[in-house]
Each structure stands twice: as structure tokens, then as C-alpha cells.
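Report on one structure; see the data block that follows.
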Amino acid sequence: MSEILIDSKSFKNNLDIIASHIKDKNKLALVLKDNAYGHGIEQIASLACEYGIKSVFVKNEFEALKIAHFFDHITVFYGNISPKVPKNIHLSINSLNTLEHLEEKRSIELEINTGMNRNGIPRQNLSFFIEKILSKKLNLFGVFMHNGYGDEKNNDFEEAQKSFLQVKEEIVYLSKKLGFALPRFHSLASCGTLRSGKIEDDLVRIGIAAYGYLGNNFPIPIAESLKPIASLWADKICEQRLPKGSKIGYGGKSVLKKDTIVSTYDIGYGDGFFRHDGSKGELTTAEGYLILPITSMDCFSCISQEERVCVFNDVSSIAKMFHTIPYEVLTSLSPFIKRTLI
């Protein structure tokens, strides 16, 4: 049975590195959206809780409810939340429409668009939204932005931070004027956190770095110590002793150049593993066994006799081969693959 092994020691290593950098473990919050970037939201939540993480961020209410018992604060990025969800679940507000449909006393976090122009309310509407929140008797738990320039070495990153600083100053002014408690502030994701010398927000939202990767396009020395935490393993279905010239799989894409033992293993594109058709070069397992194109829906053929092979223990090379980023490879993995903590 195929399986994803999650290395708890590597996960702790990554959190230790980040906590040491930000100099305050209490500021460390994790992003567990999209099934914890494909790693298994319940498994990663248990490790995060054990580490002492208090705040996390998820995609939707469905994910939030799965891990509601682990954390003090869970923020839902998208969609709405039901009236009876636990009080430790907060909703991210990106529009007036979402705000209008919330019942009284619900806890929210307000996202501000400071230049990425993806999600968030316009800065110039901040005062209007604050007054609307207060009139509906909602709890403004947090105010945040997503700095989308953390991976790039240019001035846009600093400009976005300056913009958020102005947002914070306006919130401080409005809290004194209108008499509401200051919310928590956060703006930095993984790259933005690790490239910053000083963290002035109340917390940082760490996603991909916790899982051992970073998307930086310039050197960030501390990131070199991060370790991928997931390895994908496949079990042998059967093996064939085939003569030279035998064709393998759909369309006979692979043709054996000599007598070879070929085995099939129980991972395919139906499990979220990318469909290898040979057009992008050779693909091997972590041990170096050649994976033969074309990958099937539920299995792949490989020049190996092993009972179990490690499909990958670092997705960086696969991401590069398919002209994408580690995020896509990891989040594509089926939630039906067993996840095991080691």
C-alpha cells in the first residue's frame, strides 16, 4: 500500500530554525491549508500542537473542523463559516458581502490589499469596514495582508511592508477613536519571514518553510538548513521478466534495450503523482531506479525488483522537471494516500 512518511524530527528542525530566526516562538503560526500542503492536515496538526503552536490558518471550514481541538486560534481563509462552529475558529474577511452575512459576536480577521491585488479590502475603505464591523458587534481579532513579493529581490517587498505599517497606524488611531481593542497584526509568509532581520508583527504565517522548502529566487542562507519532511513510498504490485525489445505500458512508449526485470508499483496520476510521459527527460526514484513512461492512473513501471521504492524524499527535482514549484507537486498528492508519522 502506497504511503507518505512524515519525518517528525525534520519538521521540528524546521520549526526550530524559524523560531530561532524570529526570536520569539510565540510569534510562530503555521499555514495548514490544502491538507497541510499535501502532508496530511491532522498529522501535521498533531505535531504542531506538540511543538506549542497556538495559531494556524486553513483553507475552509471543513479543514478547520478537523483540527479544532488542537489550537487556540484557527483562521479560515476562504468561504463562510457556520453559526455553530467553535469559537476558536475565525473567518477571514475579504469583501463587504461576506461581512454582511455574519451573525453578531463572530470573530474575524480583516485582510487588506496592499498591492498584490489578489484578496483583501482596499486600503482606502479601511475606516468604513471597521465601522461596519463594530456596528455588527463582531470581534476584530486580526488585521493582515499577504506580501506577495517575499520570493523576489526587489523594492516591492519593502513597499508592501511600508503600506502595511500605515495600515497598522490607522488601526491604532481608529481603536483609540472608536474604542475597540487592538487586533493582532501579521503580514509575512515563509520567505518574507526568513529574509527579514526584525519581525515587528504579532505573528508570522509559516507555510512551505515548515515542510522543508522555500520559493526564494535569491540566497537566503538560513533556508539551506531546512529539511523536506515528506517521502512518498510505493509498493510492488508485480514484476515481469521481459526480453529485449519488449514494449512497456500504454502506446509502448518504453522499449527495453536488453533483457530486463520490470516491476510495477502502486502510485499513479490518480494518486496525484505527475504523469511522466518521457518528454521531459528521465525520472528516477530516490534510490535511482528508472521510472518508465508512461505513468498509468494507478501505477508506474520501474526497472527495480525492490518490494518498496521511495518515489521521492525531496520534490525539488520533480518540480524543476515539470516546470513548476514544490507546492504544486505536494498539494497534488491524493488525501487517500496513507500518511504516517515517523
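A few points about this structure:
- Label-point separation in nm, residue 332 to residue 12, each point 7 Å along Cα→Cβ: 3.3 nm
- Cα-based shape type of segment 85-212, given that a ≥ b ≥ c are square roots of the gyration tensor eigenvalues and the cut on a/c is 1.5: prolate
- In sequence order, segment 99-116 has phi-based couplings of 5, 4, 9, 8, 7, 4, 6, 5, 8, 9, 10, 9, 8, 10, 7, 10, x, 6 Hz under the Karplus curve 6.51 cos²θ - 1.76 cosθ + 1.60, θ = phi - 60°, and Gly or Pro positions carry x.
- Look at the alpha carbon pairs under 8 Å that are at least 6 residues apart: their mean separation over the length of segment 4-163 gives a relative contact order of 13 percent.
- Listed values [x] 44, 20, 18; [y] 48, 28, 22; [z] 29, 22, 21 include one computed from this model; for semi-axes √(5λ) of the Cα gyration tensor in Å that value carries the label [x].
- Nearest 10 degrees, 0 to 90: helix 155-178 Cα axis against the chain principal axis: 40 degrees
- Nearest 10 degrees, 0 to 90: helix 126-135 Cα axis against the chain principal axis: 80 degrees
- Peptides 189-195, 161-167 ordered by average Cβ neighbours within 10 Å, highest first: 189-195, 161-167
- Simple spin-label estimate for residue 176 and residue 66 gives 4.5 nm between the two label positions (7 Å along the Cα-to-Cβ direction from each Cα).
- Fraction of antiparallel bridges per DSSP, the chain only, in percent to nearest 5: 45 percent
- On Cα atoms only, tilt of 8-22 relative to the major axis of the chain in degrees: 40 degrees
- Three-way shape call for segment 231-341 based on the alpha-carbon gyration tensor, with the a/c threshold at 1.5: prolate
- Inter-site label distance for residue 287 and residue 158 at 7 Å from Cα along Cβ, in nm: 5.1 nm
No lab work stands behind these numbers, since they all come straight from the coordinates. Model, not experiment: these values are computed from the prediction. Because the Cβ atoms are built from the backbone with ideal geometry, glycine has one as well, and the counts that use them run over all protein chains shown.
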